[in-house]
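Asker: My questions will all concern the structure given below.
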């Protein structure tokens, strides 16, 4: 297996009372080469335990898209 270069994972989190969010937009990243990239924002709602479980599942699913890493 060919070793991969080090990677950068970009994420953000904020807890707000349920029902407070009116809109969510993608985050825009400016890359060193001058291009832009976008990060899709996701919403998880529920109790602390439910949010933690959903977050873990989402993280596992994210890395399933990249089996080479």
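Asker: Only residues that are assigned to a loop (DSSP other than H, G, I, E, B), out of contact with any strand residue (DSSP E or B) (no Cβ under 8 Å at 6 or more places or on another chain) and within 23 Å of residue 5 (Cα to Cα): list them for the range 15-69, please.
Answerer: Passing the criteria: 32, 33, 34, 35, 65, 66, 67, 68, 69.
Quick grid of which residues meet (1) surrounded by fewer than 10 Cβ atoms within 10 Å (Cβ to Cβ); (2) more than 13 Å from the chain's Cα centre (by Cα); (3) touching a residue at least 40 places away in the same chain (Cβ under 8 Å):
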| position | (1), (2), (3) |
| --- | --- |
| 13 | yes, no, no |
| 18 | yes, yes, no |
| 27 | no, no, no |
| 41 | no, no, no |
| 53 | no, yes, no |
| 57 | no, no, no |
| 61 | yes, no, no |
| 64 | yes, yes, no |
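No value in this document is a laboratory result; all are computed from the given coordinates. Remember, predicted model here, so these are calculated numbers, not experimental data. Neighbour counts run over all protein chains shown; Cβ positions are idealised from the backbone, glycine included.
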